[in-house]
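Just below is one structure, and these are the notes that go with it.
The values are calculated or read from the model by the stated rules, or taken from the named source; none is laboratory data. Computed from a predicted structure; not experimentally measured. Cβ atoms come from the backbone with ideal geometry, glycine included; neighbour counts cover every protein chain shown. We work out accessible area using only protein heavy atoms, side chains counted, and drop any ligands, DNA or RNA first. Shrake-Rupley method; radii C 1.70, N 1.55, O 1.52, S 1.80 Å.
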Amino acid sequence: MHKIIHENHNCLYLNHVKLIEQQYAEFTHDKERYKLKPELFNFKPKTAAEDKNVGSQNKRKADAENEECEELKKLIQPFREEIQNLIHQEYVKYLENIPRTWEEKLDFPKFHGANGTTDFQTTKFQEHDFIIPPYCKFYNHNINDVRQILPELEKYDLIIMDMPWQNKYIKRLKKVRDSLAYHMLDNDSLQNIPIQEMIHANSLVVLWCTNAPQHLNAVQNDFLPKWNLQIVHTLKWFKFNTEGNLISPIKAQGYKQPFETVFITCHKNRNLNNLDGIKSIDFIASLPSIIHSHKPPLAMWLREFLDDSVHFKGLEIFARYLQPQFTSIGLEVLKLMDKRLYNKIQS
């Protein structure tokens, strides 16, 4: 995690690999630890042929520049060189292809588990090993049934949700190969998740959102009022490729963008004065994972704004990997804990 400052603007650059490694290192005394393979972040620029195919599939009218586009471009431009340098320093030697094991079809049953020790544990499923980091709990459950396990859950300091929005791209993926896509939910189902029953007065709730206007509006006008939440800060996560350039051009609304929106929220009655540190960050930037919807972890940044930055309780809904101090809920909570996606390191 690296804060880049230019004049009166701040960018938070995230290295997914280092952040996860740091989280693991803080909570294990085991001599053997695990680190995400950096090859998972070999997010190459699109070839000319790929760009042409994308253009041929897009039936919209020619792009029309708007004021927001220009503002975003001006915001990003001063930070590009330092972001490029960081990506080059951290990833250039790992720019190799890796077997796409995460695309294998895995039908996880309904189960739950925990690791309350300081050591990594391993479990086996369909002949593959999955690692369980220290101090975590997990429920491989359909979120529509979350009320069944609500008595086992707590009031959490930090809740993170990367919601499975209805998405035309994912629908197309499902037609190609079902294992490439996730199970989508409509907005009515999403807002019925009882977030309001899992927060306290000083909780932070992070919501990843697509750029679709209907989803952005639903978060602000439907989800937050129902969950007793208010917005602390809205910012964008800009995705850069291995050459240090945005993964695609910034375009007018309605086109695929090189960013996603992040809503950071809190209880509607909380005083926002002590959260100015969050609001000081103008945008987040990182080299994204080549695994679809494999979001960078935000706990190492946001924990300083929690009541207890060391012993906080986290909850991730729609999780596909596990983090120390988090309870994870979803249909694929172990999917990205596949041992084949990690390197073993000695402390």
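For a quick check of your reading: which strands (runs of 3 or more DSSP E) sit entirely within region 229-326 and have at least 2 residues that are farther than 21 Å from residue 158 by Cβ?
Qualifying strands (runs of 3 or more DSSP E): 229-239.
Look at residue 154 and say whether it is out of contact with any helix residue (DSSP H, G or I) (no Cβ under 7 Å at 6 or more places or on another chain), under 22 Å from residue 320 (Cβ atoms) and free of Cβ contacts under 8 Å to residues at least 12 places away in the same chain.
Working: out of contact with any helix residue (DSSP H, G or I) (no Cβ under 7 Å at 6 or more places or on another chain): yes; under 22 Å from residue 320 (Cβ atoms): yes; free of Cβ contacts under 8 Å to residues at least 12 places away in the same chain: no.
Against the criterion (out of contact with any helix residue (DSSP H, G or I) (no Cβ under 7 Å at 6 or more places or on another chain), under 22 Å from residue 320 (Cβ atoms) and free of Cβ contacts under 8 Å to residues at least 12 places away in the same chain), residue 154 does not qualify.
For residues in region 202-228 being in a loop (DSSP other than H, G, I, E, B) and of a type outside the set (S, T, N, Q), which is nearest to residue 283 (Cα to Cα)?
Filtering region 202-228 for residues that are in a loop (DSSP other than H, G, I, E, B) and of a type outside the set (S, T, N, Q), the one nearest to residue 283 (Cα to Cα) comes out as 212.
For region 145-166, give me the residue count where each residue is aliphatic (A, V, I, L, M) and either more than 22 Å from residue 187 (Cα to Cα) or in a strand (DSSP E or B) (or both).
Result for region 145-166: 5.
Hey, could you check region 82-104 for residues that are of a type in the set (Val, Ile, Thr) and under 30 Å from residue 10 (Cβ atoms) and say which is farthest from the chain's Cα centre (by Cα)?
92
If residue 310 passes every condition in (1) of a type in the set (A, V, I, L, M, F, W, C); (2) free of Cβ contacts under 8 Å to residues at least 60 places away in the same chain; (3) in contact with a helix residue (DSSP H, G or I) (Cβ under 9 Å, 6 or more places away or on another chain); (4) open to solvent by less than 10 Å² (accessible area, probe 1.4 Å) but one, which one does it miss?
Among (1) of a type in the set (A, V, I, L, M, F, W, C); (2) free of Cβ contacts under 8 Å to residues at least 60 places away in the same chain; (3) in contact with a helix residue (DSSP H, G or I) (Cβ under 9 Å, 6 or more places away or on another chain); (4) open to solvent by less than 10 Å² (accessible area, probe 1.4 Å), residue 310 violates only (4).
For residue 10, state whether it is polar (S, T, N, Q), at pLDDT 80 or above and touching a strand residue (DSSP E or B) at 6+ places or on another chain (Cβ under 7 Å).
Criteria met by residue 10.
Would you check which residues across region 242-277 are in contact with a Leu (Cβ under 7 Å, 6 or more places away or on another chain) and surrounded by 15 or more Cβ atoms within 10 Å (Cβ to Cβ) and list them?
Listed by number, the residues that qualify are 242, 250, 258, 261, 262, 263, 264, 265, 266, 267.
Quickly run through region 102-138 and pick out the residues that are among the charged types (D, E, K, R) and not in a strand (DSSP E or B).
103, 104, 105, 107, 110, 119, 127 - these are the residues of region 102-138 that are among the charged types (D, E, K, R) and not in a strand (DSSP E or B).
Take the residues in region 181-191 that are of a type outside the set (Phe, Trp, Tyr) and crowded, with 16+ Cβ neighbours inside 10 Å, then tell me which one is modelled with the lowest pLDDT.
181
Consider residue 280 against the criteria (1) touching a strand residue (DSSP E or B) at 6+ places or on another chain (Cβ under 7 Å); (2) crowded, with 23+ Cβ neighbours inside 10 Å: it satisfies all of them except one. Which criterion is unmet?
Every listed condition holds for residue 280 apart from (2).
Right, residue 332: farther than 28 Å from residue 148 by Cα and either open to solvent by less than 40 Å² (accessible area, probe 1.4 Å) or out of contact with any helix residue (DSSP H, G or I) (no Cβ under 6 Å at 6 or more places or on another chain) (or both) or not? Give the derivation first.
Working: farther than 28 Å from residue 148 by Cα: no; either open to solvent by less than 40 Å² (accessible area, probe 1.4 Å) or out of contact with any helix residue (DSSP H, G or I) (no Cβ under 6 Å at 6 or more places or on another chain) (or both): yes.
Here the answer is no, as residue 332 does not meet what is asked.
Run down 137, 110, 171 and say which single residue is of a type in the set (D, E, K, R), over 23 Å from residue 259 (Cβ atoms) and at pLDDT below 95.
On the way: 137 fails: at pLDDT below 95; 171 fails: over 23 Å from residue 259 (Cβ atoms).
The match here is 110.
Look through region 16-44, keep the residues that are at pLDDT below 90 and in a loop (DSSP other than H, G, I, E, B), and return whichever of them is least open to solvent (accessible area, probe 1.4 Å).
28
Residue 164 passes all but one of (1) within 21 Å of the chain's Cα centre (by Cα); (2) at pLDDT 95 or above; (3) not acidic (Asp, Glu); which number fails?
(2)
Scan region 105-125 residue by residue and report those that are exposed (fewer than 10 other Cβ atoms within 10 Å of the Cβ) and either within 22 Å of the chain's Cα centre (by Cα) or touching a residue at least 60 places away in the same chain (Cβ under 8 Å) (or both).
Of everything in region 105-125, just one residue is exposed (fewer than 10 other Cβ atoms within 10 Å of the Cβ) and either within 22 Å of the chain's Cα centre (by Cα) or touching a residue at least 60 places away in the same chain (Cβ under 8 Å) (or both), namely 105.
So how many residues does region 203-248 have that are within 15 Å of the chain's Cα centre (by Cα) and charged (D, E, K, R)?
Number satisfying all stated conditions: 2.
Do we have residue 239 as at pLDDT 95 or above, closer than 28 Å to residue 102 by Cβ and open to solvent by 10 Å² or more (accessible area, probe 1.4 Å) here? So that I can check it myself, show each step before the final result.
Working: at pLDDT 95 or above: yes; closer than 28 Å to residue 102 by Cβ: yes; open to solvent by 10 Å² or more (accessible area, probe 1.4 Å): yes.
The answer is yes for residue 239.
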